[in-house]
1. If exposed chymotrypsin sites (Phe, Trp or Tyr not before Pro) are those in a DSSP loop with at most 14 other Cβ within 10 Å, what is the longest stretch of the chain that has none?
2. In whole Å, how far is the Cα centre of the range 83-138 from that of the range 1-66?
3. For Met90, Met1, what's the fewest-to-most ordering of other Cβ within 10 Å of each Cβ?
4. Setting aside same-chain residues fewer than 8 positions from Lys50, which aspartates and glutamates have a Cα under 16 Å from its Cα?
5. List the trypsin sites (Lys or Arg not before Pro) within the range 1-92 that DSSP assigns to loop and that have no more than 11 neighbouring Cβ atoms inside 10 Å.
6. Just from its helices, what would the mean residue ellipticity at 222 nm be for the chain, if runs of 4 or more DSSP H residues each count -39500 (n - 2.57) and the sum is divided by every residue, rounded to the nearest 500 deg cm²/dmol?
7. Given the alpha-carbon gyration tensor of the chain, what are the semi-axes of its equivalent ellipsoid in whole angstrom, ordered largest first, with each equal to the square root of 5 times an eigenvalue?
8. Which of the residue pairs Lys64/Lys93; Lys15/Lys124; Lys27/Lys81 have a Cα-Cα distance greater than 28 Å in the structure shown?
Amino acid sequence: MIYVSRQEHFNAAHKLYNPAWSEERNKEVFGPCSNTNWHGHNFDLIVTVKGMPSPDTGFVVDLKALSSLIREHIIAQVDHKNLNLDVPFMSGKLASTENLVLAFWEILQRELPRITTAQLHCLKLYETPRNFVEYYGE
């Protein structure tokens, strides 16, 4: 099995806030991430697919096609947006990095078969250079 990854970048704002909780409880749990006026991140998304190289191209996936798919179905939806307010697939969800990566997985799982027979293996989403989540579809 060969694993191939593509990295994309986007900027977005969000607020970690549970509307069922008081302001005090939100500040206690989320700290400055519950700031009334939002806060932003420079996100990096790494999409990894797995498969065997095509006998015709030698590719597991055409990286140009994978990049286009990610940009069209994810980056265009979230870049320079407020994840809490502007992104329909995050509506009604807490805008945590964990929930964001789950939503990205659903989108890519649905769209990937249009460009390749490779399978989605892993998403890694960096919120900061030191904070990131990984998801393997489990």
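Throughout, read-outs are computed from the coordinates displayed, never taken from laboratory work. What you see is a predicted model; the values in this text were computed from it and never measured. Counting neighbours? That spans all protein chains shown, and the Cβs are built from the backbone with ideal geometry, glycine included.
1. 22-135
2. 6
3. Least to most surrounded, the residues fall as Met1, Met90.
4. Asp62, Glu111, Glu134, Glu138
5. none
6. Helices in the chain give a 222 nm mean residue ellipticity of -6500 deg cm²/dmol.
7. 32, 13, 12
8. Lys64/Lys93
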